[in-house]
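J.: Submitted below is the structure of interest, expressed as structure tokens.
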Amino acid sequence: MTKRLRIDGERLVRRIAEFATIGGTAAGGVNRQAFSMEDREARGKLADLALSRGLKVTQDQAANLFIAFPGREHEKPVLIGSHLDSQPSGGRFDGALGSLAAFEVIETIADAGLDYSLPIELVIWSNEEGSRYAPGTMGSRAFADGSLPKDIETLKDGEGKPLSSEIAATLAALPEVSVVGLGKPIAAYLELHIEQGPILEAENVEIGAVSSIQGTRWFDVRIQGETGHAGTTPLTSRRDALATLIQSLAELQATIMPRDADARFTVGRIAVEPASINAIPAVATANIDIRHPSTEYLDTIEELLQSTLNKYARSNGCTAHLDRIFDMPPAEFDPEIVSCIEEAAIELGFSVKRMVSGAFHDALSVQPLAPSAMIFVPCRNGISHNEKEFVEPVNCVAGAATLLQSTLNAITKIARLHETEVQTGNQKKMGTAL
């Protein structure tokens, strides 16, 4: 029966376009930041679609939204989903594709009359992007930790709006939907997402079976020097903080990624003080992002950051400070769930490739709780977090079809494992009785 299930590709593609109008930008992208009015509208639209089908809708204290078949609350579900929030000038597919494809899976099962036979639940994670309130993957981390962020009462956005009040307003925007506690047992987790990179498109592969996510660390860098007159201070008397930073970053750029193809090194922001055209910078600050699949190699990169900054600081009469502000360890996904994706893709006639995710996703937070994995589909030129982001309709449909079949495969494997455990337990009881 499960092999006869087919998603409605036209419905999925149409719905992606409809949701893209919520927070849509003139350039064809989306500005739907977490807990904003636009985010609430998108959540409300999906909740209305679910309620109109007689599905059960709940939200938790972190404003994660759940959609399930009623009457299955006693079972651990296979959780599928993604997020609906976006970057300020994001694309229409990042997060939304996985969320709406997961709803298409639920609808397909309901259309087939199987709504009470399969323990599947959809989740829309809140604040995956972290563009308005950092860090990202906030909702899935709260779900996994069973607690809200510690700084929920003090964290504010650029307009001074507290996170706590924005979460409360987001929950209140769905008065017909009850609020439940954080976290619950789940059997497995699957997430469909655009690759946000160029590999699948370049290799003409339709489906990525994501086996792991590389680790991420963020740092604040501060170089302390001394200001002076730009016209009268010779080189030998300068303690130029910016020159020190530039020299350090140039060496790091020439070393980290050329040395290891799996390494990522990015400088996202630089600032100086006193920021005057005719004054030597006394302070130079930067934000650095490093990524790698290996925790040990992340340690190596961090040590290289510190030693390089110290070297140029000493030579220029400055001091260097490196503070780690974010640490997301690498994660290996469950091999059995990854195999479910590969088997589904092959069964559906799609080419498939095992791969490592360069970006972190909600699946990274969930994978310690239950067997998890991700499905990637190619995006044009690997562009994401950009209004030019684009996924061909055929790839959207292929991803959704693979999500459906992977979910069914996962349920079958979990059921077989449960049967084996029950039989083993019964045999042990019989042996004890004898």
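J.: Using the structure shown, decide if Leu46 is in the same structural domain as Arg92 (by TED's automatic domain parsing) and either in contact with a strand residue (DSSP E or B) (Cβ under 8 Å, 6 or more places away or on another chain) or part of a strand (DSSP E or B) (or both). It would help to see each step written out before you state the result.
T.: On the way: in the same structural domain as Arg92 (by TED's automatic domain parsing): yes; either in contact with a strand residue (DSSP E or B) (Cβ under 8 Å, 6 or more places away or on another chain) or part of a strand (DSSP E or B) (or both): yes.
Here the answer is yes, as Leu46 does meet what is asked.
J.: Take region 4-40 and flag every residue that is charged (D, E, K, R) and either crowded, with 17+ Cβ neighbours inside 10 Å or touching a residue at least 60 places away in the same chain (Cβ under 8 Å) (or both).
T.: Residues of region 4-40 charged (D, E, K, R): 4, 6, 8, 10-11, 14-15, 18, 32, 38-40.
Listed by number, the residues that qualify are Arg4, Arg6, Asp8, Arg11, Arg15, Arg32, Glu38, Asp39, Arg40.
J.: Then there's this: Please go through region 292-334 and give me each residue that is assigned to a helix (DSSP H, G or I), in contact with a helix residue (DSSP H, G or I) (Cβ under 6 Å, 6 or more places away or on another chain) and of a type in the set (S, T, N, Q), ordered by number.
T.: Answer for region 292-334, where residues must be assigned to a helix (DSSP H, G or I), in contact with a helix residue (DSSP H, G or I) (Cβ under 6 Å, 6 or more places away or on another chain) and of a type in the set (S, T, N, Q): just Thr308.
J.: A further question follows. Would you mention how many residues in region 20-57 are under 20 Å from Glu104 (Cβ atoms) and not charged (D, E, K, R)?
T.: Total satisfying the criteria: 15.
J.: Let me ask you something else. Within region 348-379, restricting attention to residues that are out of contact with any Lys or Arg (no Cβ under 8 Å at 6 or more places or on another chain) and assigned to a helix (DSSP H, G or I), which residue is surrounded by the most Cβ atoms within 10 Å (Cβ to Cβ)?
T.: Here the answer is Asp362.
J.: Out of Glu392, Glu342, Glu387, Glu347, I need the residue that is over 20 Å from the mean Cα position of the chain (by Cα) and closer than 25 Å to Leu84 by Cβ. Which one? Let's see the steps before the verdict.
T.: Working: Glu342 fails: closer than 25 Å to Leu84 by Cβ; Glu387 fails: over 20 Å from the mean Cα position of the chain (by Cα); Glu347 fails: closer than 25 Å to Leu84 by Cβ.
None of the others qualify; the one that does is Glu392.
J.: Say we look at region 41-60 and pick out the residues that are buried (at least 19 other Cβ atoms within 10 Å of the Cβ) and in contact with a helix residue (DSSP H, G or I) (Cβ under 8 Å, 6 or more places away or on another chain); which of these is farthest from Asn386 (Cα to Cα)? Quick ask: steps written out before the conclusion?
T.: Applying the first criterion (buried (at least 19 other Cβ atoms within 10 Å of the Cβ)) to region 41-60 yields 42-43, 46-47, 50, 55, 57, 59-60.
This time we only want the ones that are in contact with a helix residue (DSSP H, G or I) (Cβ under 8 Å, 6 or more places away or on another chain), so: 42-43, 46, 50, 55, 57, 59-60.
Values: Ala42: 19, Arg43: 22, Leu46: 24, Ala50: 29, Leu55: 34, Val57: 31, Gln59: 29, Asp60: 30 Å.
Per the criteria, the residue is Leu55.
J.: Is it fair to say Asp289 is in contact with a strand residue (DSSP E or B) (Cβ under 9 Å, 6 or more places away or on another chain), farther than 13 Å from Leu304 by Cα, assigned to a loop (DSSP other than H, G, I, E, B) and not β-branched (Val, Ile, Thr)? Give the derivation first.
T.: Details: in contact with a strand residue (DSSP E or B) (Cβ under 9 Å, 6 or more places away or on another chain): yes; farther than 13 Å from Leu304 by Cα: yes; assigned to a loop (DSSP other than H, G, I, E, B): no; not β-branched (Val, Ile, Thr): yes.
Answer is no for this residue.
J.: Does Ala110 satisfy the criteria of being in the same structural domain as Gln367 (by TED's automatic domain parsing), under 25 Å from Ile16 (Cα atoms) and modelled with pLDDT under 95?
T.: Numbers: in the same structural domain as Gln367 (by TED's automatic domain parsing): yes; under 25 Å from Ile16 (Cα atoms): yes; modelled with pLDDT under 95: yes.
Yes: the conditions hold for Ala110.
J.: Restricting region 211-254 to residues that are of a type in the set (Lys, Arg) and over 30 Å from Pro135 (Cβ atoms), which is surrounded by the fewest Cβ atoms within 10 Å (Cβ to Cβ)? Write out each step before concluding.
T.: Step one: filter region 211-254 for residues of a type in the set (Lys, Arg), giving 217, 222, 238-239.
Cutting the leftovers down to over 30 Å from Pro135 (Cβ atoms) gives us 238-239.
Numbers: Arg238: 19, Arg239: 21.
Across region 211-254, the extreme among qualifying residues is Arg238.
J.: Something else about it: In region 226-273, what count of residues is obtained for those that are among the aliphatic types (A, V, I, L, M), in a helix (DSSP H, G or I) and within 30 Å of the chain's Cα centre (by Cα)? Steps first, please.
T.: Of the residues in region 226-273, the ones among the aliphatic types (A, V, I, L, M) are 230, 235, 241-243, 245-246, 249-250, 252, 254, 256-257, 261, 263, 267, 270-272.
Now narrow it down to the ones that are in a helix (DSSP H, G or I): 235, 241-243, 245-246, 249-250, 252, 254, 256-257.
Imposing the further condition that a residue be within 30 Å of the chain's Cα centre (by Cα) reduces the set to 249-250, 252, 254, 256-257.
Looking only at that region, the number is 6.
J.: Right, another one. Taking region 156-171 as the region of interest, how many residues are without any contact (Cβ under 8 Å) to a residue 40 or more places away in the chain and crowded, with 17+ Cβ neighbours inside 10 Å?
T.: We begin by selecting, within region 156-171, every residue without any contact (Cβ under 8 Å) to a residue 40 or more places away in the chain; these are 156-162, 164-165, 168.
The next check asks that each one be crowded, with 17+ Cβ neighbours inside 10 Å; those that pass are 157.
Within region 156-171, residues that are without any contact (Cβ under 8 Å) to a residue 40 or more places away in the chain and crowded, with 17+ Cβ neighbours inside 10 Å number 1.
J.: Out of everything in region 292-331 that is modelled with pLDDT of 95 or more and among the acidic types (Asp, Glu), what residue ends up being surrounded by the most Cβ atoms within 10 Å (Cβ to Cβ)?
T.: The extreme case among them is Glu302.
J.: Further, regarding this structure: Is there a residue being modelled with pLDDT under 95 and surrounded by fewer than 16 Cβ atoms within 10 Å (Cβ to Cβ) anywhere in region 115-122?
T.: Yes, the conditions are met somewhere in region 115-122.
J.: Let me ask something else. Somewhere in region 269-282, is a residue crowded, with 16+ Cβ neighbours inside 10 Å, touching a residue at least 12 places away in the same chain (Cβ under 8 Å) and in contact with a Phe, Trp or Tyr (Cβ under 8 Å, 6 or more places away or on another chain)?
T.: No, that holds for no residue.
J.: Residues Phe35, Phe19, Phe66: which one is within 15 Å of Ala102 (Cβ to Cβ), outside any strand (DSSP E or B) and modelled with pLDDT of 95 or more?
T.: Numbers: Phe35 fails: within 15 Å of Ala102 (Cβ to Cβ); Phe66 fails: outside any strand (DSSP E or B).
Result of the check over Phe35, Phe19, Phe66: Phe19.
J.: Okay, next question. With respect to the numbered conditions (1) closer than 29 Å to Ile337 by Cβ; (2) part of a strand (DSSP E or B); (3) acidic (Asp, Glu), which one is the sole condition not fulfilled by Glu201?
T.: (2)
A quick yes/no check of all residues on (1) in contact with a His (Cβ under 9 Å, 6 or more places away or on another chain); (2) among the small types (Gly, Ala, Ser); (3) over 21 Å from Ser131 (Cα atoms); (4) not assigned by TED's automatic domain parsing to the domain that holds Ser165:
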| site | (1), (2), (3), (4) |
| --- | --- |
| Met37 | no, no, no, no |
| Phe66 | no, no, yes, no |
| Phe69 | no, no, yes, no |
| Leu97 | yes, no, no, no |
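J.: The conditions are (1) among the basic types (Lys, Arg); (2) assigned to a loop (DSSP other than H, G, I, E, B); (3) within 20 Å of the chain's Cα centre (by Cα), and Arg6 fails exactly one of them. Which is it?
T.: Only one criterion is unmet by Arg6, namely (3).
The values are calculated or read from the model by the stated rules, or taken from the named source; none is laboratory data. Just so it is clear, the structure is predicted and the values come from calculations on it, not from any experiment. Don't worry about glycine lacking a Cβ; one is built from the backbone with ideal geometry, like all the others, and counts go over all protein chains shown.
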